[in-house]
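As structure tokens, the structure follows; a few thoughts come after it.
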Amino acid sequence: MKKTPSSRRSADDRGFRLGTGFFALLVVLLVAGIFWELFRTSQLSIDKFGFRFWTGRIWDPVAGEFGALPFIWGTLYSSVLALLLAGPIALGIAIFLAELCPDWLRTPLTFLTELLAAIPSIVYGLWGIFVLVPLVRSLESALPERLKMLPFFSGPPVGVGMLSAVLILAIMVIPFTSSVAREVLRAVPMSQREGAYALGATQWEAIQAALYYARSGIVGAVMLGFGRALGETMAVTMVIGNNPQVSLSLLAPQYTMAAVLANEFTEAADELYLHALIEVGLVLFVITLVINAGSRLLIWNMNRPVTVRKPAAPTTAAVGASA
């Protein structure tokens, strides 16, 4: 029986759908495989410490006592502070390049911004050691005594510590966030701005309309930078001080999950030590998944259409009372 053109197209569409669906399924299998391998190879630590591994503050390989709370704290604390610092700067760069920058300046500035994202992490780390750490040490030494009494600025001004890590993370996050936010703003239809101008809006008010239209994409750009900050390894390892403690002080040396894996993985002498380090990687993997899922949920809520309820029709009694 000869196939008709419509049946041939239907078979081609079905084959294309199955092929692309298989490629999408590979991503799910890859994530599940990574989780299973991390879980399997950290089983010894999971069985011994349980949830106490997440809340323990002692990391002592000699005594065989392992707790990941200092690393979880250092990772989240440094990433959140870096995001708070880098977010407004990156958004300002994106707005300027997409909306306000002259044409002759837009191309070189865009190139320089993207060049910052291409610099290797180890180069940022070397720059942090030789340039940023001395500057931070001078800044910490010049702090007023009243500020040093606060928990955020307590401790000796050694230069290496949370503040240096936050600054270098912010510098590394800015080009990623600004590049994505700039492309999102450029994708906003010109009719959004023209409609604002037609209503008598100023340029800033028209930009606000574009920002509101692109809010989900901007949130996605910020979360992309947050993910970069969570997993950053070498640059943070070189300037954070690598001391497993939980502290609010920006001057105190602290530790991150990626840094402890980079520093101590080759030094794991016994099986429990190795399994504990792999469980740190599992914790980082779980935290990253949770944060990404939360960001997707936030974007979904922002894009969800708002349903407007119609006012209920007045009843006969209410009409009679009003009369």
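Throughout, read-outs are computed from the coordinates displayed, never taken from laboratory work. A quick note: this is a predicted structure, and the numbers were derived from the prediction, not measured. Using ideal geometry, Cβ is built from the backbone for each residue, glycine included, and neighbour counts are taken over all protein chains shown.
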ask   = What are the ³J(HN,Hα) values, in whole Hz, obtained from phi via the Karplus relation 6.51 cos²θ - 1.76 cosθ + 1.60 with θ = phi - 60°, for each residue of segment 218-235 in sequence order, with x given for Gly and Pro?
value = 5, 4, x, 5, 5, 5, 5, x, 5, x, 5, 5, 4, x, 5, 10, 5, 4
key: Contour excess over end-to-end distance, with Cα ends at residue 266 and residue 105 and 0.36 nm allotted per residue   = 53.2 nm
message = I need the calculated FRET efficiency for the pair residue 292 and residue 121, taking r as the beta carbon distance and R₀ as 25 Å, to the nearest 0.05.
response = 0.75
query = Could you give the nm distance between label points at residue 16 and residue 215, where each point is 7 Å from its Cα heading toward the beta carbon?
reply = 3.6
query = Helix 203-213: angle to the longest alpha-carbon principal axis of the chain, degrees 0 to 90, nearest 10?
reply = 80
task = Scan around residue 59 for amide H atoms under 5 Å from its own, H built in the peptide plane at 1.01 Å from N, and keep only partners 5 or more places away or cross-chain.
result = 67
task = Taking the Cα centre of the chain as origin, work out the dipole magnitude from +1 charges on Lys and Arg Cβ and -1 charges on Asp and Glu Cβ, in debye rounded to 20.
result = 1540
ask   = What is the helix-to-structure angle for 162-186, meaning the angle in degrees between its Cα long axis and the longest Cα principal axis of the chain, kept from 0 to 90 and rounded to the nearest 10?
value = 20
request  = Calculate for the chain the 222 nm mean residue ellipticity that helices alone would give, adding -39,500 (n - 2.57) per DSSP H run of length 4 or more and normalising by residue count, nearest 500 deg cm²/dmol.
outcome  = -22500 deg cm²/dmol
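Pairs of Cα atoms under 8 Å, at least six residues apart: use those to get the relative contact order of the chain, whole percent.
Details: 366 pairs, mean separation 82.4, N = 323.
In percent, rounded to a whole number, it is 26.
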remark   = Row for segment 24-103, column shape: gyration tensor on C-alpha, a ≥ b ≥ c, rounded if a/c < 1.5 i.e. under 1.5, prolate if a/b over b/c, else oblate; value oblate
task = Compare the Cα positions of 221, 245, 159 along the charge dipole of segment 107-254 (+1 at Cβ of Lys, Arg; -1 at Cβ of Asp, Glu; about the Cα centre) and return the one farthest towards the positive end.
result = 245
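Place the peptides 185-194, 14-23, 172-181 in order of packing, highest mean first, counting for every residue the other Cβ atoms within 10 Å and averaging per peptide. Show your work: numbers first, answer last.
Numbers: 185-194: 13.9, 14-23: 9.7, 172-181: 24.6.
Packing order, densest peptide first, comes out as 172-181, 185-194, 14-23.
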task = Give a residue-ordered list of calculated ³J(HN,Hα) values for segment 283-295 (Karplus: 6.51 cos²θ - 1.76 cosθ + 1.60, θ = phi - 60°; whole Hz; x for Gly, Pro).
result = 4, 4, 5, 5, 4, 5, 5, 5, 5, 5, 5, x, 5
inquiry  = Taking 8 Å as the Cα distance limit and 6 or more residues as the minimum spacing, I'd like the relative contact order of segment 47-170 as a percentage.
reply    = 24
For segment 270-275, 3J(HN,Hα) per residue [Karplus equation, 6.51 cos²θ - 1.76 cosθ + 1.60, θ = phi - 60°, Hz, x = Gly/Pro] = 10, 5, 5, 4, 5, 5
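Quick one: grab the alpha carbon gyration tensor of segment 133-273, order the square roots of its eigenvalues as a ≥ b ≥ c, and give me rounded if a/c is under 1.5, else prolate or oblate depending on whether a/b is larger than b/c.
Oblate, since a/c reaches 1.5 and b/c is not below a/b.
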